[in-house]
Amino acid sequence: MTATGGHPQRWLILGVICLAQLTVLLDNTVLSVAIPSLTTELHASTSDIQWMINAYSLVQSGLLLTAGNAADRYGRKKLLAAGLALFGLGSLAAGLAGSTAQLIAARAGMGVGGALLMTTTLAVVMQIFDDSERVKAIALWATVSSFGFAAGPLIGGVILNHFWWGMIFLVNIPVAVIGLVAVLKLVPESKNPPPSSQLRSSRGDPQGERPDLMGALLSTIGMTAAVYAIITGPEHGWTSAQVLVPAAIGVLVLGAFALWELRVPHPMLDMHFFRNQKFVGAVAGAILVVFGMGGSLFLLTQHLQFVLGYEPLEAGLRMAPLALTVVVLNLSGIGPRIVMRLGTALTVAVGMALVAAGLAAIALLGGGTDGSYGGMLLGLVLMGTGLAVSNPAMANAIMSAIPPEKAGVGAGVNGTLAEFGNGLGVAVLGAVLNARFAALVAVTATSFPAALAAAGGDAERAAISDAFASGLRTSQLVGAVAVLAGGLLAAALLRRAERAERSAAPEPVAA
């Protein structure tokens, strides 16, 4: 819509879109508080738990770009409705799973529906709002995204305090049904102009091209192999064949993906987008901020329950300041105002520095076994502030760097970065924790709870808990360094892009 003000029901439609987005993003982190229940009831190992989380992320991230292309061609409303239906069916299968293998498979199925939802929600926002309101709409969309990412532990804790673990998936079903009905009634259809319109993409190809299925296959295989190597590194050894072979496959296949995208007539991801420094800077920031947050939340919920002995609801409540900080700051409009005052580059740098400071505060002040919560609270508030500041700026930078007719692809890129960064954060920071834990305590158990159960007495259990806490501190510091480095890199690239845009802008004509 390009008419002044955009679609007449745009704010109601935005509410529907945010409901669908919230359901998907909650599912990324709500599983973390169910880890003790899954470990006990399904006899899940640490590797099983990581694959329950990463199966969803990897499938979703592998399909996001293809889903975005398909939405641009066939219609964003159609695929948004299909995504809600598939996500609801996958949630039903996950809630009724009777084994770790069934749950992992169901989570992978949910990833298909999640891919359709993640791409179409932001693409629809780009279509129904005009330039005067689009930044505010994206900021609200990003607020819901941040809230969903951070509120999962709290909502999961509330559910697990009253029901068994399967309900964290089954509650998605009524939300999916409500969202599906609302989408069919309210959301307008939008898609690219047909080829006869003679509009051309940046590669000179007509709009409406077919999805790049080979690119989707290569990206999924490559990312799966690479993350598998990271997950299994501590268990098999980083120089073992079980790790080096999938790592090599991942590097080679991802390289083949890049070459394919450069040569195929209708690429899933136009690699020429990476010539845009604004795009590259926002990409770098988005990957690493979610890397630090995803790995941190995965480990913190375990620390609160396994080491400090909190029930799921108690753990969720202690994680709530992160989500509350995001909501309060973004709903008050602070995020967009900071972008307007400081510019995208400085806003991203400040936000990611705050996230890094939060991770460091948890590592140095809140990661012990004494039950002190003050350091963790400080870290969560700092991280929430950083998310509220940086996420809207990065989402807007990515979408504004891509042509409007490629809104689905842009949303796919944004979602791919979030999902891949989250899965990689869980894998890498989990691997760092496991390596540190194994170096301090000589145990053969497949998980931290199993090691506690096998302990011979209170002294041995205390030593195991101390080792886990030490691993947590190390992993949080690794995450802090990665986020800070990403913030500096992103800010430098965005600043160069802003300078280039100013220099390219025509000078005003004298009266």
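Summary of values
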{"item": "Single residue of region 16-59 satisfying the filter (of a type in the set (S, T, Y) and modelled with pLDDT of 75 or more) that is nearest to L122 (Cα to Cα)", "result": "T23"}
{"item": "Exclusive hit being farther than 30 Å from G83 by Cα and not charged (D, E, K, R), set L354, L387", "result": "L354"}
{"item": "Pick from region 456-498, criterion modelled with pLDDT of 80 or more and among the basic types (K, R), ranking: farthest from F306 (Cα to Cα)", "result": "R496"}
{"item": "Entirely in region 15-101, the helices (runs of 4 or more DSSP H) that have 2 or more residues that are under 18 Å from V181 (Cβ atoms) and open to solvent by 10 Å² or more (accessible area, probe 1.4 Å)", "result": "76-95"}
{"item": "Of all residues making up region 119-138, the number that are among the aliphatic types (A, V, I, L, M) and either open to solvent by 10 Å² or more (accessible area, probe 1.4 Å) or out of contact with any helix residue (DSSP H, G or I) (no Cβ under 8 Å at 6 or more places or on another chain) (or both)", "result": "2"}
{"item": "Top-ranked residue in region 129-150 [being in contact with a Ser or Thr (Cβ under 8 Å, 6 or more places away or on another chain) and of a type in the set (A, V, I, L, M, F, W, C); ranked as farthest from L96 (Cα to Cα)]", "result": "W141"}
{"item": "V355 being part of a helix (DSSP H, G or I), open to solvent by less than 10 Å² (accessible area, probe 1.4 Å) and within 21 Å of V426 (Cβ to Cβ)", "result": "yes"}
{"item": "Qualifying residue in region 300-311 (condition: assigned to a helix (DSSP H, G or I), touching a residue at least 60 places away in the same chain (Cβ under 8 Å) and among the aliphatic types (A, V, I, L, M))", "result": "yes"}
{"item": "Any pair with Cβ under 7 angstrom, 6 or more apart, that starts in region 257-282 at a residue that is within 18 Å of S61 (Cα to Cα) and touching a residue at least 24 places away in the same chain (Cβ under 8 Å) and ends at one that is open to solvent by less than 30 Å² (accessible area, probe 1.4 Å) and charged (D, E, K, R)", "result": "P267/D212; P267/E261; M268/D212; M268/E261; L269/E261"}
{"item": "Residue tally, condition more than 21 Å from S372 (Cβ to Cβ) and surrounded by fewer than 24 Cβ atoms within 10 Å (Cβ to Cβ), over region 285-323", "result": "1"}
{"item": "From A361, A323, A345, residue being within 14 Å of L377 (Cα to Cα) and either free of Cβ contacts under 8 Å to residues at least 12 places away in the same chain or more than 19 Å from the chain's Cα centre (by Cα) (or both)", "result": "A361"}
{"item": "Criterion violated by A282 - all others in (1) aliphatic (A, V, I, L, M); (2) open to solvent by less than 40 Å² (accessible area, probe 1.4 Å); (3) in contact with a Phe, Trp or Tyr (Cβ under 9 Å, 6 or more places away or on another chain) satisfied", "result": "(3)"}
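Residue by residue, here is whether (1) among the β-branched types (V, I, T); (2) farther than 20 Å from L297 by Cβ; (3) without any contact (Cβ under 8 Å) to a residue 60 or more places away in the chain holds:
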{"site": "M52", "(1), (2), (3)": "no, no, yes"}
{"site": "K78", "(1), (2), (3)": "no, yes, no"}
{"site": "A97", "(1), (2), (3)": "no, yes, no"}
{"site": "A101", "(1), (2), (3)": "no, yes, yes"}
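Here's the yes/no breakdown for (1) in contact with a Leu (Cβ under 7 Å, 6 or more places away or on another chain); (2) under 26 Å from L488 (Cα atoms); (3) open to solvent by 80 Å² or more (accessible area, probe 1.4 Å):
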residue	(1), (2), (3)
V243	no, no, no
A248	no, no, no
L252	no, no, yes
F257	yes, no, no
H266	no, no, no
D270	no, yes, no
F273	no, yes, no
N276	no, yes, no
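The values are calculated or read from the model by the stated rules, or taken from the named source; none is laboratory data. The model shown is predicted, which means the values in this text are computed figures rather than measured ones. Using ideal geometry, Cβ is built from the backbone for each residue, glycine included, and neighbour counts are taken over all protein chains shown. With ligands, DNA and RNA removed, areas are computed over all heavy atoms of the protein, side chains included. Shrake-Rupley method; radii C 1.70, N 1.55, O 1.52, S 1.80 Å.
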